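Working notes, beginning with the structure itself.
The values are calculated or read from the model by the stated rules, or taken from the named source; none is laboratory data. No experiment lies behind these values; they were computed from the predicted model shown. Reconstructed Cβ throughout: ideal geometry from the backbone, glycine too, with neighbour counts over all protein chains shown.
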Amino acid sequence: MNVNQKVSQIVEEKFPGSVIIPEEPQNDFIQLNSEKWNEIAKFLKTESALKFDSCQCITGVDLGAETEKLEVRYNFHSTKHLHKVEIRIATDRKRPSIPSVEQIWRVADWFEREVYDMYGIRFKGHRDLRRMLLPDDWKGWPLRKDYKTPQTYNGMKVPKVRKGWD
Amino acid sequence: MREYFKNIWQTVKTLLTGMGITIKHLFKIRKGNVTLQYPEEKWPRPDRNIGFEPANYNLIRSKLHVDIEDCIGCRKCERACPVQCIKIDTIKVPKGTDLGSTSNGTLKRLLVPRFDIDMTECMYCNLCVYPCPEDCIYMTGGPNSEKQPLDYEYAQYDRDKLIYKFATLTKKEIKKYTTPPKQQELI
Amino acid sequence: MTIDNIIIWFQSWLPNARIAPLYVAAVLIAALAIFLVMAVNALVAVYAERKISAFMQDRVGPMGQGPGLHAGKWGLLQTVADTIKLILKEDIIPKAADKKLFIIAPFIVFLGAFIALAALPWGPTLIAADMNIGLFYILAVSSFGVIGIIFAAWSSDNKWSLFGGMRSAAQIISYEIPAALSLVAVLLLAGTLSMQGIVANQSGTVWGFLPNWNIFNNPFTFLAFFIYFIAGVAETNRTPFDIPEAESELVAGFHTEYSGMRWAFFFLSEYGNMLVVAGVAVVAFLGGWQSPIDGIMQGPLWGLIWFLLKMTVVILIMIWWRWTFPRLRVDQLMNVAWKVLLPIALFNLFGTAIWTLTIG
Amino acid sequence: MGLIKADEMTLNIGPQHPSTHGVLRLKVKTDGEIVSEITPVIGYLHRCFEKHCEYLTYEQVIPFTDRCDYIAAMNNNFGYVVAVEKMMDIQVPERVEYIRIIMAELNRIASHLLALGTFGLDVGAYTPFLYMFRDRERILDLFEITCGARLLYNYMWIGGVSHDLPVGFVEATYRFLDEFEKKSEEYHNILSYNKIFIERTADVGVLPKDVAIDYGVTGPNLRGSGVKWDLRKDEPYSIYEKFKFEVPVGQGLMGSVGDSWDRYWVRAEEMKESVKIVRQALDKMPRKGDVHEALPKRVRPPQGSIYFRTESPRGDLGYYIISDGKDKPVRVKMRSPAFTALSALSEIASGWMLSDVLVVLGSLDIVLGEIDR
C-alpha cells in the first residue's frame, strides 16, 4: 500500500466524504473536497501515522479557461516518516475560495499569498492576504489562462519593446 | 573571572592570527593578485587564467555572428530564440532560379532580404546556434576564431546601433532574383 | 618653532609694530602650515590605505592616474584626482535638511582635528603652541568633533544619519575615558602636561639597552599603550569600531547626505584624527621625536624624521586593522570600553603609581 | 505632548541598501537600536518567470531557470532537467551524470563562497570577501572553458549537456581542488574563528529545529539548526548514491544550535564535502562518451504532472511541472528555497538590534532573483 492510498484511507475514515476518489487508482495524488480542508490539514499534521510536518510547496494551477475551475496543489512531506503526498483541491473559477492553512504550516503564509497574487484564489482565514510579488494596485490575476496583458498601467501606456521589429 | 581573561586572550590571539594572514598577503604583492587592468590588459591574461587558450574553449559567449552567404533561410534559429531577438524575412523565388549553394553544398532555395539580430535583447543562451543546419550562426571567438575573431567590446551610444543587420541583398538583386527567368530574358 | 618664535622673528623685522596684528599673522602662518600637514597627510594616507588594502586583498589598487596618466604607473596621482573631483562636484543640500547646521557641521568636525594638531611637537623646537597643558588640551578639543557629527546627523533629516550620529556620540564619550586614564599613567611618570615636557622626560635608556620610552618604562605603561591605541582607533571611527558609518548597516552613517567638498571635510578630519591619535600615542608612549638609540641622530631635523617615522608606523597599524577585522556591534563596543578597557586602565593607573613610588 | 509617539521609528531598509543582497525592502519598526517588527516586501525583481514558461518550449525554459538563482545557475538547470527527464523517462549516459554532478558541486562551492564572503561583508570584514571572490573566479573560469559563460550557463540540457568537457578540464579541476583545500584553512583563520566575528554571529538569530521545519526552511539553514536532512543523501537523485560524503549539521560550537554562526559553519563545511564529491566524480568518470547520446528528438513529456526537488546550495529547489503532451509546459512552478528562508526572517530576527537583522539576513543567504522569480 503506497502512501497515497494510506493517507486517503485514513482521511476518509476520519472525514467521510471528503476524499474525491481519483478515477484511476495509479494516480499519485489525492483529490480532496475543499469544505473541511482546514480540519483535514490539522489532522494531516498531527496524526501520528501521517505527521506531515513540512509543507513543501503550494502551487496554483489553471488548466484552461474552459474547465470552470482553479486548482491548488499542496505537496507535503514528513520529516518523521520520510513520506510525501500531493493533495489537490479544486475551487470554482468565478468565486475561488479555499480554507487557509497558514496557521497550521507557517510557510503557507507566503505561498498562499503568492497563489492569491497570481490566481486570485481567496484563502479563507488567512490573516494577511495581500499581493506578494506584484504591486498592490495591479489589476487582474496574471497566471490565469484567460488573462490578457494590459496595454496600460495606472493610466500610463506600456511601450512596445521594439519599434519596427514586426 | 577566568572566563573573562580567557575571553580577552582568545580575542587577542584570533585577531593576531587574522592580522598575520593579511600581512602575509601584503608582502606577496604581485604574485597572487587577480586584477585585470581591463583596457590595457586583456583576457586571457597568462598568469591569471588556468592554462587555456581561447581556441581551447568549447565556446565563448561573445556576440552572435551570421555568415549570410551560408544562410538558407530555414528560420530555425528564429524559432529557437526564447526572447525573439532574431528576425528573418524570406522571399520565395520562382522555380529554376539559381541562388547558388552554401559552403556545405546545400542548395539555397530562399532569398533572405532581412536577417536582424537585436543584441540588446540577446540573452546569450546560445540556443539559436545548435539547430542551424549550415552552422552559419555562431558566437564569435573561441573555437570559431578562424571564422570570426573574438568581439565582445561592442558597446554603443545608441540602442538602435546594437541591432545588427546581416542581410546584404540590395533591392536590385531582389528584383533580379524574383522576376521569372522568361521576363529576365526580355529585359 | 612656536608661534612665539614667529612673533619674535617678525618683531626683529618690524620693531615698531603693535603686537596684535603680528600675533594674528603668526597664528595664520601656523594654521596654514597645519592645514597643509593635514591635507598632505590625507593625500598620502588615502593613497597608502588604498594601496595597502589592495595588496592585502590580492588586488593591485589604483593604477590609472599617475605619471603618464592612464597608462601610468602605480596610480600615484589618484588622490589628487579624487580631490579635484570632490572640489568640482555639485554640493547637494537636501530640501528637508536644517540648512545652517548642515553647512556648519563638517567644519566643526574638521576644527576638532585641526586645532588638536596645534599642540603636537614635531621636533625638539617645532611645535605650534607649546602649552603647559598640552595633553589636556588635545584630549579636550579632540572630542569636540563629536558635536559636529551630531549636528550633521541631526540636520540631514535622515534616519540612517541619526543612527550614525547617536552611535558616534555614545562611542566617543565612552572611549574618552580609557584613553584619558591610560594617558594619566604617563603623566605620573612625566610629572607634566606639557607635550615637550613629556617627550623630554623620555630621553636616555632603560634596562641598559632599550630607549627610555614610556612604553618600555614598566609593564603597566606597556599595557597602557595598547589601551590608548585601541581607544584611539575607536575615537577615529575606524574599523573595527566604525559603527557610526558602518556601510553595510547604516549606508554611510552620519555623512549619508553629504556630497562634494563638504563630504571631503569629513574625510579630511577622519585622517586628521588619525594623525592626532597617532601623534599622541607617539608623544606619550613612543618617545616623541627622541631617537631610538640614545645619543645619536638627534637634532631638530632628525627629531622631525623620527617623529614622522613613528607616526607612520602607528597609522599603518590602523590601516592594517581596518582591512583585517569585522565590525563590532554597538552594545559589544560599549562592553569593550566599560568592561574591559576601563578596568584594565584603572588597574594600570594604580600599578603605575605603585611602580613610580617603589621602583621608579 | 502625547501626540508624537517618540519611542518607535519606522525604517525602510532597502530597496537600495548595501546589505539586502539585491532589491529587497525590509520595513522595520525600531525602538532605538532594537528592531521590534520586520516586514519583508518583495517583488522588486519579479520577471514573470512562471508566466514566461507558458509561452516557451521545454528547452527554452532552461536559460530562464539560470536567471532565477543566478549565483547557482548550474543547480537550477540541474533540478529542471532532471524533473523533465523524470517525466519523459529518459536515461542519460553515465558520463553525463558525472559531468552534471561535477558542475553542480563546483557551483555549490562557488555559491557558498559568495554566501560566506558577503556574510563577512555584512559583519564588516572586507578582506575575506575578496579572498573568496578570488577563488570563486577560478570556478567561473572552469565553467567558462566548458560552456562559454561565467554566470548564466544554460549548460544542462534535457537528456544531456550542451558541450563535452574540454581537453584538460579534468587536470585543471584537480589543480583547483588542491589549491582550494589549502585556502579554506585560511578562511577559517581570518574569519570563522575571529573573536569579533564569533561575537557578532554566535547566538544571534537562533532558528530552532521545529520553527525551521514549520517555516519550510531547507538546505544549509535547516542543517544549521541541527536537522540532518540533505536530499542528496536522503532522496538521492541522479547518481548521488554512488558518492561518499558527510552531511555537516550545526552543533552549536560557538553558541547555541541554529544561530547565524552555525549556518555559516555548515556552509563552510559543505564546501569541503563538495570538494570530496568532485574528486570522487573526477576519479570515477568514464573518460569517453557521447554527451548528446540521449537527447530526445523532440521534448514532449506525456500528459501529467511532477513535483521534483533537488538540493540546490540554498536548499530544496522544487519544480512543479504540468504537461499536456505538447511542446510547451502548461505550468512550471518553482519552489525556491530562499523564498521560504526569507519568510522566516521576521520570526527569528525580531527583537535583535539593527545590525543583527542584517547579519541574520546575510546568514540566510538569500538570492532575490530566486525569491521574486
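Report yes if some residue within segment A:27-41 is out of contact with any Phe, Trp or Tyr (no Cβ under 6 Å at 6 or more places or on another chain), of a type outside the set (D, E, K, R) and within 11 Å of chain D (Cβ to nearest Cβ); otherwise report no. Yes.
Residue-wise test of (1) farther than 30 Å from residue C:191 by Cβ; (2) within 14 Å of another protein chain (Cβ to nearest Cβ); (3) part of a helix (DSSP H, G or I).
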| residue | (1), (2), (3) |
| --- | --- |
| C:60 | yes, yes, no |
| C:63 | yes, yes, no |
| C:123 | no, no, no |
| C:130 | no, no, no |
| C:147 | yes, no, yes |
| C:152 | yes, no, yes |
| C:157 | yes, yes, no |
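Name the residue that is surrounded by the fewest Cβ atoms within 10 Å (Cβ to Cβ), counting only residues in segment D:324-373 that are among the β-branched types (Val, Ile, Thr) and closer than 30 Å to residue A:72 by Cβ. Among those residues, the one meeting the criterion is D:330. Outside any loop (DSSP other than H, G, I, E, B), more than 16 Å from residue C:349 (Cβ to Cβ), out of contact with any helix residue (DSSP H, G or I) (no Cβ under 6 Å at 6 or more places or on another chain) and away from chain D (no Cβ under 14 Å): which single residue out of C:216, C:226 fits that description? Only one candidate passes the filter, namely C:216. Considering only residues of segment A:53-70 that are assigned to a loop (DSSP other than H, G, I, E, B) and within 11 Å of another protein chain (Cβ to nearest Cβ), which is farthest from residue A:109 (Cα to Cα)? For segment A:53-70, the residue satisfying everything is A:64.
From the list C:88, C:162, pick out the single residue that is within 14 Å of chain D (Cβ to nearest Cβ) and out of contact with any Leu (no Cβ under 9 Å at 6 or more places or on another chain). Give the derivation first.
Numbers: C:88 fails: within 14 Å of chain D (Cβ to nearest Cβ).
Criteria check complete, one pass: C:162.
When A:85, A:101 are checked against the criterion of being within 21 Å of the chain's Cα centre (by Cα), over 30 Å from residue B:120 (Cα atoms) and modelled with pLDDT under 85, A:85 stands alone in meeting it.
One residue stands out in segment B:25-49 among those that are within 9 Å of another protein chain (Cβ to nearest Cβ), at pLDDT 65 or above and in a loop (DSSP other than H, G, I, E, B): the one that is farthest from residue D:154 (Cα to Cα), namely B:27. Do we have residue B:7 as within 9 Å of chain D (Cβ to nearest Cβ) and modelled with pLDDT under 70 here? Criteria not met by residue B:7.
Candidates D:120, D:124, D:205, D:216: the one that is within 14 Å of chain C (Cβ to nearest Cβ), under 23 Å from residue D:316 (Cβ atoms) and crowded, with 24+ Cβ neighbours inside 10 Å is D:205. Scanning segment D:149-191 for residues that are without any contact (Cβ under 8 Å) to a residue 12 or more places away in the chain and more than 8 Å from every other protein chain (Cβ to nearest Cβ) yields a count of 5.
To keep it simple, each residue is scored yes or no on (1) farther than 21 Å from residue D:341 by Cβ; (2) touching a strand residue (DSSP E or B) at 6+ places or on another chain (Cβ under 8 Å); (3) in contact (Cβ under 8 Å) with a residue 12 or more places away in the chain.
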| position | (1), (2), (3) |
| --- | --- |
| A:70 | yes, yes, yes |
| A:74 | no, yes, yes |
| A:77 | no, yes, yes |
| A:90 | yes, yes, yes |
| A:109 | no, no, yes |
| A:122 | yes, yes, yes |
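The set of residues from segment B:82-96 being in contact (Cβ under 8 Å) with a residue 24 or more places away in the chain and farther than 17 Å from residue B:170 by Cα comprises B:82, B:83, B:84, B:85, B:86, B:87, B:94, B:96.
The set of residues in segment D:219-232 being within 13 Å of chain A (Cβ to nearest Cβ), assigned to a helix (DSSP H, G or I) and in contact with a strand residue (DSSP E or B) (Cβ under 8 Å, 6 or more places away or on another chain) consists of D:221, D:222, D:231.
Being part of a helix (DSSP H, G or I), within 27 Å of residue C:123 (Cβ to Cβ) and within 14 Å of chain D (Cβ to nearest Cβ) is a description that applies to residue C:233.
Do we have any residue at all in segment D:233-253 that's assigned to a loop (DSSP other than H, G, I, E, B), surrounded by 21 or more Cβ atoms within 10 Å (Cβ to Cβ) and out of contact with any Gly (no Cβ under 6 Å at 6 or more places or on another chain)? Looking for residues that are assigned to a loop (DSSP other than H, G, I, E, B), surrounded by 21 or more Cβ atoms within 10 Å (Cβ to Cβ) and out of contact with any Gly (no Cβ under 6 Å at 6 or more places or on another chain), one finds at least one in segment D:233-253, hence yes. For residue D:332, the test of being part of a loop (DSSP other than H, G, I, E, B), closer than 29 Å to residue D:364 by Cβ, aliphatic (A, V, I, L, M) and touching a helix residue (DSSP H, G or I) at 6+ places or on another chain (Cβ under 6 Å) is failed.
Residues that are among the hydrophobic types (A, V, I, L, M, F, W, C) and within 13 Å of chain A (Cβ to nearest Cβ) were ranked within segment D:295-312; the one that is farthest from residue D:237 (Cα to Cα) is D:306. So for segment B:150-157 (the condition being modelled with pLDDT of 85 or more, under 30 Å from residue D:154 (Cα atoms) and not in a loop (DSSP other than H, G, I, E, B)), does at least one residue qualify? No, segment B:150-157 contains no residue that is modelled with pLDDT of 85 or more, under 30 Å from residue D:154 (Cα atoms) and not in a loop (DSSP other than H, G, I, E, B). Scanning segment C:43-58 for residues being within 25 Å of the chain's Cα centre (by Cα) and within 14 Å of chain D (Cβ to nearest Cβ) gives a total of 7. Among the conditions (1) farther than 29 Å from residue B:173 by Cβ; (2) in a loop (DSSP other than H, G, I, E, B); (3) within 11 Å of another protein chain (Cβ to nearest Cβ), the only one that residue B:121 does not satisfy is (1). Screening the candidates A:73, A:106 for the property of being basic (Lys, Arg), at pLDDT 85 or above and either crowded, with 21+ Cβ neighbours inside 10 Å or in a strand (DSSP E or B) (or both) yields one hit, A:73.
For segment D:337-373, the set of residues classified as part of a loop (DSSP other than H, G, I, E, B) and within 10 Å of another protein chain (Cβ to nearest Cβ) consists of D:344, D:352, D:373, listed by residue number. Is it the case that residue B:73 is small (Gly, Ala, Ser), in a loop (DSSP other than H, G, I, E, B) and loosely packed, with under 15 Cβ neighbours inside 10 Å? No, not satisfied.
Among the residues of segment B:96-118, those identified as within 15 Å of residue B:74 (Cα to Cα), in a loop (DSSP other than H, G, I, E, B) and among the charged types (D, E, K, R) are B:108, B:109.
How do the helices (runs of 4 or more DSSP H) wholly within segment C:236-340 filter down when requiring 1 or more residues that are buried (at least 24 other Cβ atoms within 10 Å of the Cβ) and away from chain D (no Cβ under 14 Å): which remain?
Correct list: C:260-285, C:300-322.
Among helices (runs of 4 or more DSSP H) entirely within segment D:26-115, having at least 2 residues that are among the aromatic types (Phe, Trp, Tyr) and within 14 Å of chain B (Cβ to nearest Cβ) singles out D:58-66.
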